[in-house]
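Trainee: This is the structure I have questions about; it appears just below.
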Amino acid sequence: VILYFGTINKQKNIITFCKMANQLIKEKKNFIFKIVGRKSDYFDEIVDYINKNRQIKYFRFFEFNNRMSEHLYQSDLVIAPAINDGFGRTLVESMLHKVPVIASRSGGHEEIINSGYNGVLVDLFNHNAYAKEAMKILSNINFRKNITKRAYLFAKSNFVEKNDFKINSLIKWYRDMM
């Protein structure tokens, strides 16, 4: 299962995800592509593209709900093709769920992913590069395990432990004030 999750709008560049899927389906027919997110008018454009390419049977669509962890745990790979995404919460959540990530070399993604170390960055709109890197991650078990482990440790130390420390410090400060 290859997953995209986030808002479904043009800035998130889901058309590149769909073009990558098209490329992967030509190589191997046993993929499932999940799109999880809040729909916008852009959703119809995405579904039209998928239907035009006769690939609807490979896609599953879900609205956001409280079962996002379940979607992540069921996934082999997360694709984050957004254009100039600010922070990249999708990346961090994927890393903390131990799911490898391929993201666009754009915006905040470059601050979080060290390409080839804790994920993979590819050029915007390059669906062929996404497909190539997806096949590499899915077929090379050692590479997948290594980047996934490093991504998890990176996300945990930079986004969980630091926040725990800040929260605990704030709680201590409040207690000291009382």
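The values are calculated or read from the model by the stated rules, or taken from the named source; none is laboratory data. Predicted, not measured: the structure shown is a model, and the values here were computed from it. Note: ideal-geometry Cβ built from the backbone for every residue, glycine included; neighbour counts use all protein chains shown. For accessibility, only protein heavy atoms count, side chains too; no ligands or nucleic acids. Shrake-Rupley method; radii C 1.70, N 1.55, O 1.52, S 1.80 Å.
Trainee: Have a look at Ile25, Ala155, Thr7 and report the one farthest towards the positive end of the charge dipole of the chain, computed about the Cα centre with Cβ charges (Lys/Arg +1, Asp/Glu -1).
Mentor: About the Cα centre, the residue reaching furthest to the positive side is Ile25.
Trainee: Pull out the extension gain between Phe143 and Asp76, defined as 0.36 nm times the separation in residues minus the alpha carbon to alpha carbon distance; nm, one decimal.
Mentor: Going from the current span to full extension adds 22.8 nm.
Trainee: Can you tell me the accessible area per residue over the range 1-137, all protein chains present, probe 1.4 angstrom, in square angstrom?
Mentor: For the range 1-137, the solvent-accessible area averages 47 Å² per residue.
Trainee: Taking all protein chains in place and a 1.4 Å probe, what share, in percent, of the accessible surface of the chain do carbon and sulfur account for?
Mentor: 51
Trainee: Next question. Please sort through the DSSP H helices of the chain and keep those with an alpha-carbon extent of at least 30 Å along the long axis and a Kyte-Doolittle average not below -0.5.
Mentor: Sorted by number, there is nothing, because no helix extends far enough and scores high enough.
Trainee: Could I ask something else about it? Picking from Ile25, Ile137, Ile147, which is most flexible by a Gaussian network model of the chain using Cα springs under 10 Å?
Mentor: Greatest mean-square fluctuation among the candidates belongs to Ile25.
Trainee: Computed over the Cα atoms of the chain, what is the ratio Rg over Rh, Rh following Kirkwood?
Mentor: 1.03
Trainee: Using amide H atoms built 1.01 Å from N in the peptide plane, name the residues 5+ places from Leu121, or on other chains, whose amide H lies under 5 Å from its own.
Mentor: Ala103, Ser115, Gly116
Trainee: While we're here: Quick query: amide H of Arg60 versus all other amide H atoms, modeled in the peptide plane; which residues come in under 5 Å with a sequence gap of 5 or more or a different chain?
Mentor: Under 5 Å from the amide H of Arg60 lie the amide H atoms of Phe33, Lys34, Ile35, each far enough along the sequence or on another chain.
Trainee: Which residue, Ile141, Ile112, Ile79, has the most motion in a Gaussian network model of the chain that connects Cα atoms within less than 10 Å?
Mentor: Ile141
Trainee: Between Asn53 and Thr7, take the C-beta separation as r, use R0 = 22 Å, and let me know the FRET efficiency to the nearest 0.05. Before the final figure, lay out the partial values.
Mentor: Numbers: r = 23 Å, r/R0 = 1.04.
Result of the calculation: an efficiency of 0.45.
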